[in-house]
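Notes follow the structure.
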Amino acid sequence: MGPPSAGFAVLDVETTGLSPTSDRIIEIAVIRTDPHGQVLGEWTTRLNPDGPVGATHIHGITERDVRHAPRFADIARDLSSTLAGAAVAAHNAKFDLAFLRTEYARAGWRLPYLPSLCTLEASGHHLPGLPRRRLPDCCAAIGLRVEDAHSALGDARATAALLAAFMHPAWGPPPRRQDLDLLDAGTTVSWPSGPEADAAFVWTELSRMRTTEGRTQRSTLSAQAQRNISRNQATAPAAPLVQLLERFSLVDALDEGAPEGTLAYLEKLAEVLEDYELTTEESEALAEVAAVHELEPDAVAEAHRAFLLSMASQAVGDGRISRAERTELNAVADLLAVSKSHVAIALDRASAHRHDHLGQGLAPLPAVWDLGEPLRVGDKVVFTGCAQEQRAALEEASEAAGVRVVGGVSGVVALLVTDGTMDGTKLAKARELGTRQVDPATYQRLLAHIQPARPTTHRRDTLLSATSPTPARPKQPRAGARVVTTDTEPAVIRAWARQNGYDIGERGRIRADILEAYTRSQVEGIDP
């Protein structure tokens, strides 16, 4: 590559993992461009990490591929001359630059401050409204397909094309002034001519990178969370989680309260979960990724809660929360060190939002109404008997309207729909509990005039950001009273009870029958 001139050095790295201080670069590519993003030259190499290569299923690199590759110290001088005189551009630039800075430190080099343009962050200006901002998402938005994705050179080429679109004076929004100013800043960077002689510098620099403003970057998971993650690691990738992540939207996360500056971190978080390698090391490395993005602990906690809530919204989007989806959300809560009580509250809140949405614009009951209590959004119904096609159509219409079709009769089921051809356990249970029974034609009329969900006294939005309450001093039960205990926070049980049709207030002792039903549902993994 020729002598340095004003322009950009588009950078991409493939790594053995998420931690800039513990993992290594195994492939690096740099593409030099002019100020408008037009390609001038390319440089790339694989590197021997002196250890495991990490996720071969992602980057495609095996230990054999890098066995005889150079080490970073061997190419540091060539890389420096390739980067010199340019502003760096990368997709999620802080992540790539953190790895680059650590590798230079290991090689004994003092890497100077590098002015950089992050195409992920800049996409908010040039491509507003995208639900996801991965490199393929942004490239698709400008009509470009990424070739050789997850190779350093392939991703660098895609990033260079994205940069060219962003810097084009006549395409889309004009380039940002701050990005244009980077060009001059890149030419003024003073690069070292070689490594430092003092080996102590390396230790000092790496120690500094492991801490941001005195904060330790790694977090400690609870023993239970580590056990859960180990159990999940032993299983195959879960389809429910993959499906939820496919529908995940950064826009939704912002709507749920994620701080504006956390989008690049959330995109990396979603990428980690898509790979579904829920190892303890990976979960701890997320804290280091957050530090790379210069996020305060409170911002990370808010981002995690918003991420979990947006995924919960996706889970209830089809009106049914499966046991598998609930399990996956609990696994995500473990990974993010978020209390699993937030999962129950998030699902309850998301269900309430869906019910509110489905209830908007519903017509009131006709002036003449002879069917008694109307069917409401959020009600649970059970079918028994009925012709197969008729039943399938009614069940589909019910789910679309926000009515949950469940498999068994319980005290919170509003209706049993029966044509009288089956007199089995469902009908027997309905008789025992006094559950209302209607024929399919009547149910169809009820469904046609469905009414909004029953109002709740509290939306519980604040519960998601509340800290765990101080436990009250337990009272002694009265003589002969039935005692049911659980370690679950009362707010979670109240949220579950409302979601399942129980009348329960905001304060006071929770009834024993509700505690029993909640405990049974958690053991069985299903709602009543």
Evaluation of residue 25 against (1) within 25 Å of residue 291 (Cα to Cα); (2) touching a Gly at 6+ places or on another chain (Cβ under 8 Å); (3) surrounded by fewer than 23 Cβ atoms within 10 Å (Cβ to Cβ) (one fails), failing number: (2)
Residue check, residue 368 modelled with pLDDT under 95, within 26 Å of residue 513 (Cα to Cα) and among the hydrophobic types (A, V, I, L, M, F, W, C): no
Hits in region 513-528 - residues which are among the hydrophobic types (A, V, I, L, M, F, W, C), in a helix (DSSP H, G or I) and at pLDDT below 65: 523
Cβ-Cβ under 7 Å pairs, at least 6 apart or on other chains, region 441-456 side free of Cβ contacts under 8 Å to residues at least 60 places away in the same chain, far side assigned to a helix (DSSP H, G or I): 444/394
Those residues of region 327-337 which are buried (at least 20 other Cβ atoms within 10 Å of the Cβ) and either aliphatic (A, V, I, L, M) or over 24 Å from residue 300 (Cβ atoms) (or both), in sequence order: 329, 331, 332, 333, 335, 336
Failed condition for residue 19, given (1) part of a strand (DSSP E or B); (2) of a type in the set (Gly, Ala, Ser); (3) at pLDDT below 95: (1)
Candidate set: region 364-392, residues that are of a type in the set (A, V, I, L, M, F, W, C) and touching a strand residue (DSSP E or B) at 6+ places or on another chain (Cβ under 9 Å); chosen: the one surrounded by the fewest Cβ atoms within 10 Å (Cβ to Cβ): 365
Region 217-270, subset among the hydroxyl-bearing types (Ser, Thr, Tyr) and in a helix (DSSP H, G or I), residue modelled with the lowest pLDDT: 230
Failed item in (1) assigned to a loop (DSSP other than H, G, I, E, B); (2) hydroxyl-bearing (Ser, Thr, Tyr); (3) within 12 Å of residue 90 (Cα to Cα), with residue 113 passing the rest: (3)
The one condition in (1) modelled with pLDDT under 95; (2) of a type in the set (A, V, I, L, M, F, W, C); (3) surrounded by fewer than 19 Cβ atoms within 10 Å (Cβ to Cβ) that residue 111 fails to fulfil: (3)
Filter result for the condition that a residue is of a type in the set (D, E, K, R), modelled with pLDDT under 95, more than 29 Å from the chain's Cα centre (by Cα) and surrounded by fewer than 22 Cβ atoms within 10 Å (Cβ to Cβ), over 132, 71, 106: 106
Tabulated pairs, region 309-324, first assigned by TED's automatic domain parsing to the domain that holds residue 256 and modelled with pLDDT of 70 or more, second part of a loop (DSSP other than H, G, I, E, B) and among the acidic types (Asp, Glu), C-beta under 7 angstrom, 6+ apart or interchain: 309/256; 310/256
Residue that is outside any loop (DSSP other than H, G, I, E, B) and either farther than 27 Å from residue 301 by Cα or in contact with an Asp or Glu (Cβ under 6 Å, 6 or more places away or on another chain) (or both), where the choices are 353, 342, 357: 357
Test: residue in region 138-147 that is crowded, with 17+ Cβ neighbours inside 10 Å, under 29 Å from residue 81 (Cα atoms), among the aliphatic types (A, V, I, L, M) and touching a residue at least 40 places away in the same chain (Cβ under 8 Å): no
Residues located in region 495-512, provided they are outside any helix (DSSP H, G or I), modelled with pLDDT of 65 or more and within 23 Å of residue 376 (Cα to Cα): 500, 501, 502, 503, 504
Test: residue 404 is out of contact with any Pro (no Cβ under 7 Å at 6 or more places or on another chain), among the basic types (Lys, Arg) and within 30 Å of residue 300 (Cβ to Cβ): no
Residue in region 51-59 that is more than 25 Å from the chain's Cα centre (by Cα), assigned by TED's automatic domain parsing to the domain that holds residue 195 and under 28 Å from residue 136 (Cα atoms) present: yes
Filter result for residue 75 (among the β-branched types (Val, Ile, Thr) and over 28 Å from residue 188 (Cβ atoms)): no
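The values are calculated or read from the model by the stated rules, or taken from the named source; none is laboratory data. All figures in this text were calculated on a predicted structure; none of them were measured in a lab. Backbone-built Cβ (ideal geometry, glycine too); neighbour counts: all protein chains shown.
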